[in-house]
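The values are calculated or read from the model by the stated rules, or taken from the named source; none is laboratory data. Since we're looking at a predicted model, the values are computed, not measured. Virtual Cβ from ideal backbone geometry, glycine too; neighbours counted across all protein chains shown.
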Amino acid sequence: MTAQAALSGTVAIIAGSGALPFAVARSLQARGIAPVLFAIRGFCDPVQTAQFSHHWVALGQFGRLTRLIQAAGARDVVFIGGLVRPALSDIRLDWGTLKLIPSFAKALRGGDDHLLSGVSRMFEQRGFRIVGVKDVAPELLMPEGTLTRRAPDTAALADIARGRDVLRAISPFDIGQGAVVIDGHVIAIEGIEGTDGLLARVAQLRADKRIRAKPGRGVLVKTPKTDQDLRFDLPTLGPKTIDGICAAGLAGIGIVAGYSLIAEADEMMSKADRAEVFITGLPL
C-alpha cells in the first residue's frame, strides 16, 4: 500500500513561506482529508493561513508543536514551504526542545538535507510518519516534457546536460540544487541564497558586463541532490522564478520531473509564454 493510499484522516502541514502549503492543504481537502496547518511565525502567510484549521508555532517550539499535532489527531506530517536556516541563538526554546538540544545541534552542523533528515527522525521517534508532497499532493509535481510554447534548442539542451553534470558532481557536499549555464560555461551555482538569489546574482553579473553572451541564451538547471530524502526540500518553481529568469537574461529552465514542485502553475506558465522562455521537465 502506498503512503498516498494510506493517509490518515487528518494530515499535519508544517508550513513555511510561499504558496505551496496552501496548495497542499487544498489538494487534501479535495480528497476528503482534513489538513491542519502548523504555521511557522515569521514565515507563513497569515491571510491564507486563516482559511484553514491552523495553529501558530515559533521555531524551536518542538514540544508545543508535537503536542498540538497529537491533539489534532494527526499521524502523518508533511513539511512544505520556505524557511531560512536558523542559528541556535534565534530559536525560541521550549522545554520539549531543551531536552533535544544535542540532537538539534548535531542536525544544524550539516547541510540542509542533513538538517531536515535529523528533524524528521525526531518526529518519527515520537510516532509520527513524515510524508512527502509526492504522497499528499502529486499533482503539484513537475511533469516530464516542455510545458511552454517555446522549447529548448540544441544549445539549451547542451547547457542543461552540463548543468546536470555539475550538480551531480557537487551533490555529495549538500550545497544547492541549482546551476546557471550559458553556452557551456558554468556561470553560477546555487548556495545559501536559494534560487531567487542565484538568479539575482546572475542578473548583477550581466549588469556588470561580466557576462558577454546576449540575453536569451543559457539555462537554469535544478535537480534534487543525489541520495536526498525526497520527502522534503524538493526543487521548486513558481511565477517569481520566471521573473528571475527574465532579469538574468536566460532562455529557460530545465528541472527534473516527478521530483520537483510547481507553485501557481497557471500563472507561472502564462508568464513564461509572455516572456518567451521555456520550462521543461527532465527525466530523472
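In the set (1) surrounded by fewer than 15 Cβ atoms within 10 Å (Cβ to Cβ); (2) at pLDDT 95 or above; (3) closer than 22 Å to Leu261 by Cβ, the condition left unmet by Ala50 is number (3).
Among the residues here, Lys225 qualifies as over 18 Å from Ile182 (Cβ atoms), buried (at least 22 other Cβ atoms within 10 Å of the Cβ) and touching a helix residue (DSSP H, G or I) at 6+ places or on another chain (Cβ under 7 Å).
Scanning region 270-284 for residues that are over 22 Å from Asp165 (Cα atoms) and either in a loop (DSSP other than H, G, I, E, B) or under 18 Å from the mean Cα position of the chain (by Cα) (or both) yields a total of 2. When Met1 is tested against (1) of a type in the set (A, V, I, L, M); (2) modelled with pLDDT under 70; (3) under 27 Å from Asp174 (Cα atoms), exactly one condition is not met: (3). The set of residues in region 245-260 being surrounded by fewer than 23 Cβ atoms within 10 Å (Cβ to Cβ) and more than 17 Å from Arg164 (Cα to Cα) consists of Cys246, Ala247, Gly249. Any residue at all in region 147-169 that's surrounded by fewer than 20 Cβ atoms within 10 Å (Cβ to Cβ), under 30 Å from Phe62 (Cβ atoms) and either of a type in the set (Gly, Ala, Ser) or in contact with a helix residue (DSSP H, G or I) (Cβ under 8 Å, 6 or more places away or on another chain) (or both)? No, because not a single residue in region 147-169 is surrounded by fewer than 20 Cβ atoms within 10 Å (Cβ to Cβ), under 30 Å from Phe62 (Cβ atoms) and either of a type in the set (Gly, Ala, Ser) or in contact with a helix residue (DSSP H, G or I) (Cβ under 8 Å, 6 or more places away or on another chain) (or both).
Restricted to region 245-264, and to residues there that are part of a loop (DSSP other than H, G, I, E, B) and not charged (D, E, K, R), the residue that is farthest from Arg206 (Cα to Cα) is Gly258. I'd like to check something: does region 22-36 contain any residue that is more than 22 Å from the chain's Cα centre (by Cα), surrounded by 14 or more Cβ atoms within 10 Å (Cβ to Cβ) and not β-branched (Val, Ile, Thr)? The answer is yes; a qualifying residue exists. Filtering region 204-240 to residues that are of a type outside the set (Lys, Arg) and at positive phi leaves Gly216, Gly218, Asp227, Asp233.
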